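Structure first, then comments.
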Amino acid sequence: MTGELDHEAIFEEAWAASGTTSVELPPVSVNDVLRERYDVHPPFAYTGAPLWDMEVRKAAAPDIYIPTVVRPGSAEKFPSVHHGRFEDFTRVSDQRLWTDVDRYARVIEHVRLDHENRRAYFLGAERFEAPDGRVFTAGAGQPIFHVEHSVGGPEDAPLNLWCIVHLTDEPDQFLVDAFDQLANDPYLRVFIEVHLRKDLDRELTRR
(Lines give C-alpha, C1' and ligand atoms only; values in the text may rest on other atoms or scores of the structure.)
Protein backbone atom coordinates (compact mmCIF):
# COMPACT_ATOMS: atom_id res chain seq x y z
CA MET A 1 0.00 0.00 0.00
CA THR A 2 2.52 2.64 1.12
CA GLY A 3 4.90 1.80 -1.72
CA GLU A 4 2.22 2.95 -4.17
CA LEU A 5 2.10 6.44 -2.65
CA ASP A 6 4.19 9.37 -3.81
CA HIS A 7 4.74 10.71 -0.31
CA GLU A 8 6.66 13.82 -1.34
CA ALA A 9 4.12 14.85 -3.98
CA ILE A 10 1.18 14.31 -1.61
CA PHE A 11 2.90 16.36 1.11
CA GLU A 12 3.77 19.21 -1.25
CA GLU A 13 0.27 19.30 -2.74
CA ALA A 14 -1.25 19.57 0.74
CA TRP A 15 1.29 22.24 1.72
CA ALA A 16 0.41 24.35 -1.31
CA ALA A 17 -3.38 24.00 -1.00
CA SER A 18 -5.15 27.20 0.00
CA GLY A 19 -7.27 25.80 2.83
CA THR A 20 -4.72 23.72 4.71
CA THR A 21 -2.90 24.83 7.86
CA SER A 22 0.88 24.66 7.46
CA VAL A 23 3.57 25.22 10.08
CA GLU A 24 7.31 25.23 9.44
CA LEU A 25 9.31 25.24 12.66
CA PRO A 26 12.60 27.16 12.70
CA PRO A 27 15.64 25.08 11.67
CA VAL A 28 17.59 23.88 14.70
CA SER A 29 21.38 24.00 14.48
CA VAL A 30 21.85 20.99 16.72
CA ASN A 31 25.50 21.46 17.67
CA ASP A 32 25.05 25.17 18.42
CA VAL A 33 22.23 24.36 20.85
CA LEU A 34 24.27 21.55 22.40
CA ARG A 35 27.16 23.94 23.05
CA GLU A 36 25.04 26.78 24.36
CA ARG A 37 22.40 24.95 26.40
CA TYR A 38 23.85 21.65 27.64
CA ASP A 39 26.64 19.98 29.51
CA VAL A 40 27.40 16.75 27.61
CA HIS A 41 29.58 13.92 28.98
CA PRO A 42 31.53 12.61 27.25
CA PRO A 43 31.57 15.54 24.80
CA PHE A 44 29.75 15.02 21.53
CA ALA A 45 28.96 16.89 18.32
CA TYR A 46 26.53 15.61 15.71
CA THR A 47 27.27 15.03 12.07
CA GLY A 48 24.49 14.45 9.60
CA ALA A 49 24.75 10.63 9.73
CA PRO A 50 23.89 10.11 13.43
CA LEU A 51 21.22 12.81 13.25
CA TRP A 52 19.58 10.82 10.43
CA ASP A 53 19.99 7.66 12.52
CA MET A 54 17.90 9.42 15.15
CA GLU A 55 15.17 10.16 12.58
CA VAL A 56 15.10 6.51 11.46
CA ARG A 57 14.79 5.23 15.02
CA LYS A 58 12.15 7.82 15.90
CA ALA A 59 10.07 6.91 12.87
CA ALA A 60 9.98 3.26 13.94
CA ALA A 61 9.41 3.85 17.67
CA PRO A 62 7.74 7.22 18.26
CA ASP A 63 6.59 6.29 21.76
CA ILE A 64 10.24 5.86 22.79
CA TYR A 65 11.60 8.98 21.11
CA ILE A 66 8.66 11.36 21.55
CA PRO A 67 7.31 10.37 24.98
CA THR A 68 5.88 13.88 25.46
CA VAL A 69 3.52 13.33 22.48
CA VAL A 70 2.98 9.58 21.96
CA ARG A 71 1.32 7.45 24.62
CA PRO A 72 3.89 4.95 25.98
CA GLY A 73 3.44 1.48 24.52
CA SER A 74 0.83 2.57 21.98
CA ALA A 75 3.03 2.59 18.85
CA GLU A 76 2.91 -0.27 16.37
CA LYS A 77 5.07 -0.39 13.24
CA PHE A 78 4.13 -2.64 10.36
CA PRO A 79 6.81 -4.31 8.20
CA SER A 80 9.01 -2.15 6.00
CA VAL A 81 9.17 -2.38 2.23
CA HIS A 82 12.53 -1.35 0.75
CA HIS A 83 12.90 -0.09 -2.81
CA GLY A 84 15.96 1.85 -3.90
CA ARG A 85 16.71 4.67 -1.50
CA PHE A 86 13.22 4.44 0.02
CA GLU A 87 11.90 2.54 3.01
CA ASP A 88 8.12 2.55 3.41
CA PHE A 89 5.97 1.35 6.29
CA THR A 90 2.86 2.26 8.24
CA ARG A 91 2.71 3.03 11.93
CA VAL A 92 -0.20 3.50 14.32
CA SER A 93 0.01 5.25 17.68
CA ASP A 94 -1.96 7.27 20.22
CA GLN A 95 -0.83 10.89 20.17
CA ARG A 96 -1.74 13.98 22.15
CA LEU A 97 -4.01 16.42 20.36
CA TRP A 98 -2.11 19.53 19.28
CA THR A 99 -4.65 21.93 20.79
CA ASP A 100 -5.74 19.78 23.77
CA VAL A 101 -2.67 18.00 25.13
CA ASP A 102 -4.62 16.23 27.88
CA ARG A 103 -6.41 14.11 25.26
CA TYR A 104 -5.04 11.39 22.97
CA ALA A 105 -6.29 10.18 19.60
CA ARG A 106 -5.21 7.34 17.34
CA VAL A 107 -2.97 8.53 14.49
CA ILE A 108 -2.31 6.44 11.37
CA GLU A 109 0.76 7.41 9.36
CA HIS A 110 2.14 6.04 6.10
CA VAL A 111 5.88 6.62 6.44
CA ARG A 112 8.57 7.02 3.79
CA LEU A 113 12.24 7.26 4.75
CA ASP A 114 14.39 8.66 1.93
CA HIS A 115 17.76 7.41 3.17
CA GLU A 116 19.75 9.09 0.42
CA ASN A 117 18.34 12.58 0.91
CA ARG A 118 17.68 12.16 4.65
CA ARG A 119 14.03 13.10 4.45
CA ALA A 120 11.19 11.39 6.30
CA TYR A 121 7.53 11.79 5.32
CA PHE A 122 4.54 10.86 7.48
CA LEU A 123 1.20 10.92 5.66
CA GLY A 124 -1.80 10.86 7.95
CA ALA A 125 -4.66 8.52 7.00
CA GLU A 126 -8.26 7.96 8.08
CA ARG A 127 -8.15 4.17 7.86
CA PHE A 128 -5.62 1.34 7.56
CA GLU A 129 -6.11 -2.38 7.09
CA ALA A 130 -3.09 -4.19 8.54
CA PRO A 131 -1.54 -7.26 6.91
CA ASP A 132 -3.13 -9.45 9.61
CA GLY A 133 -6.62 -8.15 8.79
CA ARG A 134 -7.04 -5.71 11.66
CA VAL A 135 -8.66 -2.44 10.65
CA PHE A 136 -7.55 0.81 12.29
CA THR A 137 -9.41 4.11 12.10
CA ALA A 138 -8.01 7.51 13.04
CA GLY A 139 -9.24 9.12 16.24
CA ALA A 140 -11.39 12.23 16.39
CA GLY A 141 -10.59 15.66 17.76
CA GLN A 142 -8.27 17.18 15.15
CA PRO A 143 -7.67 17.18 11.39
CA ILE A 144 -5.53 14.56 9.69
CA PHE A 145 -1.98 15.88 9.23
CA HIS A 146 1.19 15.17 7.25
CA VAL A 147 4.72 15.75 8.56
CA GLU A 148 8.18 16.06 7.03
CA HIS A 149 11.26 15.61 9.20
CA SER A 150 14.65 15.99 7.57
CA VAL A 151 18.35 16.58 8.11
CA GLY A 152 19.73 19.65 6.37
CA GLY A 153 22.86 21.77 6.42
CA PRO A 154 26.49 20.68 6.08
CA GLU A 155 27.59 17.27 7.34
CA ASP A 156 29.55 18.72 10.27
CA ALA A 157 26.86 21.27 11.23
CA PRO A 158 23.54 19.52 10.61
CA LEU A 159 20.12 21.12 10.93
CA ASN A 160 17.01 19.45 12.33
CA LEU A 161 14.09 20.45 10.07
CA TRP A 162 10.37 19.93 10.68
CA CYS A 163 7.24 20.92 8.72
CA ILE A 164 3.62 19.93 9.36
CA VAL A 165 0.47 20.50 7.31
CA HIS A 166 -3.03 19.90 8.67
CA LEU A 167 -5.75 18.96 6.18
CA THR A 168 -8.18 21.71 7.14
CA ASP A 169 -10.80 23.34 4.91
CA GLU A 170 -9.46 26.76 5.86
CA PRO A 171 -6.36 27.86 7.80
CA ASP A 172 -6.76 27.36 11.56
CA GLN A 173 -4.92 29.90 13.71
CA PHE A 174 -5.48 27.83 16.86
CA LEU A 175 -3.43 25.03 15.32
CA VAL A 176 -0.70 27.44 14.28
CA ASP A 177 -0.58 28.92 17.80
CA ALA A 178 -0.23 25.42 19.30
CA PHE A 179 3.26 25.20 17.80
CA ASP A 180 4.53 28.49 19.24
CA GLN A 181 5.96 26.80 22.32
CA LEU A 182 7.88 24.30 20.19
CA ALA A 183 9.11 27.03 17.88
CA ASN A 184 10.39 29.13 20.79
CA ASP A 185 11.91 26.32 22.89
CA PRO A 186 15.61 27.15 23.44
CA TYR A 187 16.48 23.49 24.03
CA LEU A 188 16.74 20.55 21.64
CA ARG A 189 13.58 18.68 20.73
CA VAL A 190 12.93 15.76 23.03
CA PHE A 191 13.73 13.10 20.43
CA ILE A 192 17.31 14.39 20.08
CA GLU A 193 17.77 14.33 23.84
CA VAL A 194 16.47 10.74 23.94
CA HIS A 195 18.84 9.73 21.13
CA LEU A 196 21.84 11.24 22.92
CA ARG A 197 21.05 9.47 26.19
CA LYS A 198 19.71 6.16 24.91
CA ASP A 199 21.71 5.46 21.75
CA LEU A 200 24.86 7.55 22.15
CA ASP A 201 25.29 6.93 25.89
CA ARG A 202 25.72 10.59 26.76
CA GLU A 203 24.94 12.30 30.03
CA LEU A 204 22.94 15.37 29.24
CA THR A 205 22.24 18.27 31.59
CA ARG A 206 20.29 21.34 30.60
CA ARG A 207 21.79 24.66 31.58
*Provide the per-residue ³J(HN,Hα) series for segment 126-143, in order, calculated from phi with Karplus coefficients 6.51, -1.76, 1.60 and θ = phi - 60°, each as a whole number of Hz, with x at glycine and proline positions.*
7, 8, 8, 9, 6, x, 8, x, 5, 10, 10, 10, 5, x, 8, x, 7, x
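Once you wrap a convex hull around the alpha carbon atoms of segment 75-152, what is its projected area averaged over all directions, in nm²?
Quarter of the Cα hull surface area: 5.8 nm².
222 nm [θ] for the chain, helices only, -39500 (n - 2.57) per DSSP H run of 4+, per residue, to 500? It would help to have the intermediate numbers written out before the result.
Numbers: 7 runs with 55 residues, N = 207.
My calculation for the chain gives -7000 deg cm²/dmol from helical runs alone.
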*Between SER74 and residues 5 or more places away or on another chain, which pairs have amide H atoms under 5 Å apart, with H built 1.01 Å from N, and which residues are they?*
ASP94
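What translational diffusion coefficient, in µm²/s and rounded to a whole number, does the Stokes-Einstein relation yield for the chain at 20 °C and a viscosity of 1.002 mPa s, taking the hydrodynamic radius as the Kirkwood radius over Cα pairs?
Numbers: Rh = 17.7 Å.
The diffusion coefficient I find is 121 µm²/s.
What is the local net charge at PRO42, summed over the other residues whose Cβ is closer than 10 Å to its Cβ (Lys, Arg +1; Asp, Glu -1)? Walk me through the numbers on the way to the answer.
Working: positive: ARG202; negative: ASP201, GLU203.
Summing Lys and Arg as +1 and Asp and Glu as -1 gives -1.
In whole percent, and with a 1.4 Å probe on the protein chains, what portion of the accessible area of segment 115-207 is carbon and sulfur? Kindly include the intermediate steps, with their values, before the conclusion.
Values: 2370 of 4930 Å².
The computed percentage sits at 48.
Translational D (Stokes-Einstein, µm²/s) of segment 53-110 at 4 °C and 1.567 mPa s when Rh comes from the Kirkwood sum over C-alpha pairs?
Working: Rh = 12.0 Å.
Rounded, D is 108 µm²/s.
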*What is the local net charge at ALA178, summed over the other residues whose Cβ is closer than 11 Å to its Cβ (Lys, Arg +1; Asp, Glu -1)?*
-3
*Per-residue HN-Hα couplings for segment 79-95 [Karplus 6.51, -1.76, 1.60; θ = phi - 60°; Hz; x = Gly/Pro]*: x, 6, 10, 9, 8, x, 7, 9, 10, 10, 7, 10, 10, 10, 7, 9, 10
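Please compute the net charge surrounding VAL194, taking Lys and Arg as +1 and Asp and Glu as -1 over other residues with Cβ under 13 Å from its Cβ. Spell out each step's value before the answer.
Working: positive: ARG57, LYS58, ARG189, ARG197, LYS198, ARG202; negative: ASP53, GLU55, ASP63, GLU193, ASP199, ASP201.
Its environment carries a net charge of 0.
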*With N residues in segment 143-189, what two-decimal value do you get for its Cα radius of gyration over 2.2 N^0.38 Å?*
1.40
*Find, among the GluC sites (Glu not before Pro) in segment 1-61, those assigned to loop by DSSP (not H, G, I, E, B) with at most 13 other beta-carbon atoms within 10 angstrom.*
none
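In Å², what does the accessible area per residue of segment 96-193 work out to with a 1.4 Å probe?
Details: 4760 Å² over 98 residues.
Accessible area per residue, segment 96-193: 49 Å².
The values are calculated or read from the model by the stated rules, or taken from the named source; none is laboratory data. As the structure is a computational prediction, the values presented were derived from the model and not from experiment. With ideal geometry, Cβ positions are generated from the backbone for all residues, glycine too; neighbour counts draw on all protein chains shown. Side chains are part of the model used for accessible areas, which takes the heavy atoms of the whole protein and leaves out ligands, DNA and RNA. Shrake-Rupley method; radii C 1.70, N 1.55, O 1.52, S 1.80 Å.
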